[in-house]
Amino acid sequence: MKLKLMKTIATGVIFSIASLFNIASASVLTGNLNVDNTFSAYLSTDDNVQGSLLVSGNNWTVTDSFSTNLTAGTDYYLHVKAEDWGYIAGFLGDFSIDTNDHVFNNGLAQLLTNNVDWNVSTSGWSNYTTASTSLFGNSYNGVGPWGLRSGVDVNADWIWSSESYTDLNAYFSTTITAVTAVPAPSTMIIFGLALVGLASRRFKKQA
């Protein structure tokens, strides 16, 4: 009777811990962005595949935001498809991850738009080159013609392809890398049940 009760309690504890572990394994990715003129943002596990839609917008004066979960141990690509309607084009944004399970291309949990950590293509999700600032020289948040976008970090830059006046379509990409692989809850359960079995054998010997 005691042995059966011990097994029941131990198994319940193992499943509870595994469930909590599974919940805790999700990081949250958030973003705030302005794009002149329209955009759609996606999360993908393949840099050559568009991915799942996160948010879209068609008014560059409005800062659009999104929030989504990241699975521990999985690498991602943040994609932003942008379209300009004429004159100068630009993409401005700041992004963050709330845990240490993932990092951006810069090795940190925060990433701003800049001409170092973002790639861009004018033909689709391939043939990337490093993104350029939209204006020669200063392209910081606050510069004209856009002015300050208060919903985005002031240190972010307006970026585009190297031809921000003539390239009407831009496909931006940056990496989100899993820091450490996390064992699946099923692995933990199997390991825990093995421990229960070992404890049961010792209990029988003592009895």
> Which residues, counting only those in the stretch 34-82, are aliphatic (A, V, I, L, M), out of contact with any strand residue (DSSP E or B) (no Cβ under 6 Å at 6 or more places or on another chain) and open to solvent by less than 40 Å² (accessible area, probe 1.4 Å)?
Replying inline: 72
> What tally of residues in the stretch 132-152 results from selecting those that are in a loop (DSSP other than H, G, I, E, B) and open to solvent by 40 Å² or more (accessible area, probe 1.4 Å)?
Replying inline: 8
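Against the definition (within 18 Å of the chain's Cα centre (by Cα), touching a residue at least 12 places away in the same chain (Cβ under 8 Å), at negative phi and not in a strand (DSSP E or B)), how does residue 32 come out, yes or no? Spell out how you get there, then give the answer.
Working: within 18 Å of the chain's Cα centre (by Cα): yes; touching a residue at least 12 places away in the same chain (Cβ under 8 Å): yes; at negative phi: yes; not in a strand (DSSP E or B): no.
No; evaluated as a whole, the condition is false for this residue.
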>> I'd like to check something: does the stretch 88-95 contain any residue that is open to solvent by 40 Å² or more (accessible area, probe 1.4 Å) and out of contact with any His (no Cβ under 9 Å at 6 or more places or on another chain)?
In response: no
> Taking the stated definitions as given, is residue 155 open to solvent by less than 40 Å² (accessible area, probe 1.4 Å), in a loop (DSSP other than H, G, I, E, B), within 27 Å of residue 69 (Cβ to Cβ) and touching a residue at least 12 places away in the same chain (Cβ under 8 Å)?
Replying inline: no
> Mind checking which residues of the stretch 42-71 are within 11 Å of the chain's Cα centre (by Cα) and assigned to a strand (DSSP E or B)?
Replying inline: 42, 43, 44, 54, 66, 67, 68, 69, 70, 71
> Residues in the stretch 93-110: is at least one more than 13 Å from the chain's Cα centre (by Cα) and not in a loop (DSSP other than H, G, I, E, B)?
Replying inline: yes
>> For the stretch 122-131, check the following and say yes or no: at least one residue is open to solvent by less than 40 Å² (accessible area, probe 1.4 Å), in contact (Cβ under 8 Å) with a residue 12 or more places away in the chain, touching an Asp or Glu at 6+ places or on another chain (Cβ under 9 Å) and not in a loop (DSSP other than H, G, I, E, B).
In response: no
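Is at least one residue of the stretch 179-186 within 30 Å of residue 36 (Cβ to Cβ), open to solvent by 40 Å² or more (accessible area, probe 1.4 Å) and either in a helix (DSSP H, G or I) or modelled with pLDDT under 95 (or both)? Before you say what the answer is, go through the steps one by one.
At the first step, the residues of the stretch 179-186 found to be within 30 Å of residue 36 (Cβ to Cβ) are none.
No.
The values are calculated or read from the model by the stated rules, or taken from the named source; none is laboratory data. Note that the structure is a prediction, hence the values are computed from the model and not measured. Methodologically, a virtual Cβ is constructed for each residue, glycine included, from the backbone with ideal geometry; neighbour enumeration extends over all protein chains shown. When the accessible area is computed, the model is the full protein with side chains, heavy atoms only, and any ligands, DNA or RNA have been set aside. Shrake-Rupley method; radii C 1.70, N 1.55, O 1.52, S 1.80 Å.
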